[in-house]
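Okay, so here's the structure we're looking at.
Here, each number is a calculation from the coordinates, and none is a lab measurement. Please read these numbers as outputs of a predicted model, since none were measured by experiment. Note: ideal-geometry Cβ built from the backbone for every residue, glycine included; neighbour counts use all protein chains shown.
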Amino acid sequence: MLIIKKIIAIWALAAFFFSTTLVWTPDGNCITIQEERELAKEFMAVVKSQYPLIEDPVIVDYVNRVGNRILKSIPPQPFVYQFHVIHEDVYNAFATPAGHIFVNSGLFAALDSEEELAGIIGHEIAHVVCRHISQRIESSKKIGMATLAGMVAGVLLGVGGAGAAAGAVTMGSVAAGQSAALAYSRENEMQADQLGLGYLTHAGYTGEGLLTSLRKIRSKQWYGSDQIPTYLTTHPAAEQRMSYIDNWLHQNRAQTTVKKSPVGGFELAHTRITALYTNTQLALDHFQKALNSSPDDPMANYGYALALTRKDQWHAAAKHMQKAIESNALATYMLQDLGKIYFHEGAFEKALEALSSSSSSKDLEGQLYLGRTQMELEQFAEAKATFEKLVRYHQDYTQAYYYLGESSGRLGDMFGAHYNLGRFYQRRGDMRNAGFHLNRAMKLATNETQKQMVDHELKSLDSMAKDRKKNPPG
């Protein structure tokens, strides 16, 4: 409840402040580059605390490949751009200061081609290049970056955002003031469209995707939607934009007809988004309908298999995944998914074969399942090596520490067992269990190196305790 109250307060402050104090123009002053980076860091903390980011390597890698292809067509930038996908059904995409580009899974699932995804991303990149958000907040630095980050989150996530934030802003004048005062201006949108179209055509796209994706977003409210799509509240003037883009495409037809091949991977990423990150029943219905039309379609079988895993229908999922693999020569990720399905079926030998032949260091979940399969087969030394590799290269992958502790214990390494279980609970925020296991590890340490390792974790735990006491959660 306290979190909701804080969000309401931030949004109310944002609506009042931006509607009464800020005056900006497209070519106005900006905050400094360093301030923009600081704001982006705070903003990312807000987003991660409220919205789940999709970390599926197939999806994230694909979106980044599209984004990086467009980046090659823009002038040198002071920021390192990063592209993210938020697990959120509403139609939205936005760019934060310092080059973070977000696309919601709901919008991605509604797109039909790489051209459309590139159109959305190119437009958002243009907002960053123009530093539109930075222009709007230059005179509000006195508020403080942490509070500003919350305000900017309110701006970009829109009235139609999810969770507590959405409920917090459905308050009459506050909602009206926020949506009217905080969205990009029409001038911002036109400038981002103009530059974005140039970036897209230089990157080898036609630019048509920007128009068709905008039409798709605009049409959503005519199909019985309860609200205007969030994208339209944060990116205004849809009708004028579509008219401008359409005219631009006709006037520049010669340069938009020459294009490169797509970066490739849209169908695979789009299938995973639809199967794993949209409404489960809708996903099942979608792929069942596709299979009714084309029973041997590998992507329909793949999507249906993934959707079935969300219902724990492992045997049926394995059947359709096998069919997808038989019809697809490039089935690396499908093999990983089949291995996970076999694991849940209890077919550990089959799981090991599939996961070993397709395991990728980028697929953290695939690596985790490989180690778990090795443990089920009592290959504890191999499992420990798998988990050690995971935590060595992915220090924030919390779950791996638990299994590293378990596999160490199975091998009789009780120091390693308690040390890694302590690290697991510490990263989970469970200070009581973390303290228990780390103190046990300290008693079991047999050399100075081990003692220093545990001491470092205990100091981090003590620092966490002090921070919690100073800033109690929620």
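First check a/c for region 373-425, with a ≥ b ≥ c the square roots of the eigenvalues of its C-alpha gyration tensor; if it is under 1.5, answer rounded, and if not, answer prolate when a/b is larger than b/c or oblate otherwise. Taking the square roots of the gyration eigenvalues as a ≥ b ≥ c, region 373-425 is oblate. Once you reduce region 252-284 and region 341-411 to the center of their Cα atoms, the two points are 31 Å from each other. Of the chymotrypsin sites (Phe, Trp or Tyr not before Pro) found in region 319-402, no site is in coil according to DSSP while having at most 14 other Cβ atoms within 10 Å of its Cβ.
What is the sum of charges, Lys and Arg at +1 and Asp and Glu at -1, for the other residues whose Cβ falls under 15 Å from the Cβ of D193? Display every interim value, and only then the final one.
Numbers: positive: R186, R215, R218, R241; negative: E116, E124, E187, E189, E208, E239, D246.
It works out to a net charge of -3.
Using 0.36 nm per residue and subtracting the Cα-Cα separation, the extra length available between S113 and T332 on full extension is 76.6 nm.
Rounded to the nearest 20, the Cβ-based charge dipole of region 378-422 about its Cα centre (Lys and Arg +1, Asp and Glu -1) stands at 80 debye. Listing T274, T212 from fewest to most neighbouring C-beta atoms within 10 Å gives T212, T274.
For the residue pairs K443/K470; K72/K340; K41/K350; K48/K443, alpha carbon separations beyond 32 Å are given by K72/K340; K41/K350; K48/K443. Extension gain for the segment Q77 to E376, taken as residue separation times 0.36 nm less the Cα-Cα distance, is 102.7 nm to one decimal. Net charge dipole, region 266-390: roughly 260 debye, given to the nearest 20, about the Cα centre with Cβ charges of +1 for Lys and Arg and -1 for Asp and Glu. With a simple spin-label model that places each label point 7 Å from the Cα along the Cα-to-Cβ direction, the separation between N447 and R37 comes to 3.9 nm. Available extension along the chain between S185 and K459 is 93.8 nm, counting 0.36 nm per residue and deducting the alpha carbon span.
Based on the mean of other beta carbon atoms within 10 Å per residue, what is the order of 418-427, 189-198, most packed first? Show your work: numbers first, answer last.
On the way: 418-427: 24.1, 189-198: 21.2.
In descending order of packing, they fall as 418-427, 189-198.
Positive contributions from Lys and Arg (+1) and negative ones from Asp and Glu (-1), summed over other residues with Cβ under 10 Å from the Cβ of N301, come out at -1. Kirkwood's formula applied to the C-alpha pairs of region 389-467 gives a hydrodynamic radius of 12.3 angstrom. Projected onto planes of every orientation and averaged, the convex hull of the alpha-carbon atoms in region 422-468 covers 2.8 nm².
Computed from backbone phi, the HN-Hα couplings of region 33-39 come to 4, 5, 5, 5, 5, 5, 5 Hz, rounded to whole numbers (Karplus: 6.51 cos²θ - 1.76 cosθ + 1.60, θ = phi - 60°; Gly and Pro given as x). Taking a ≥ b ≥ c as the square roots of the eigenvalues of the alpha carbon gyration tensor, region 292-401 is prolate, as a/c is not under 1.5 and a/b beats b/c.
Packing, taken as the mean count of other beta carbons within 10 Å per residue, orders the peptides 114-121, 449-456, 202-209 from highest to lowest as 114-121, 202-209, 449-456.
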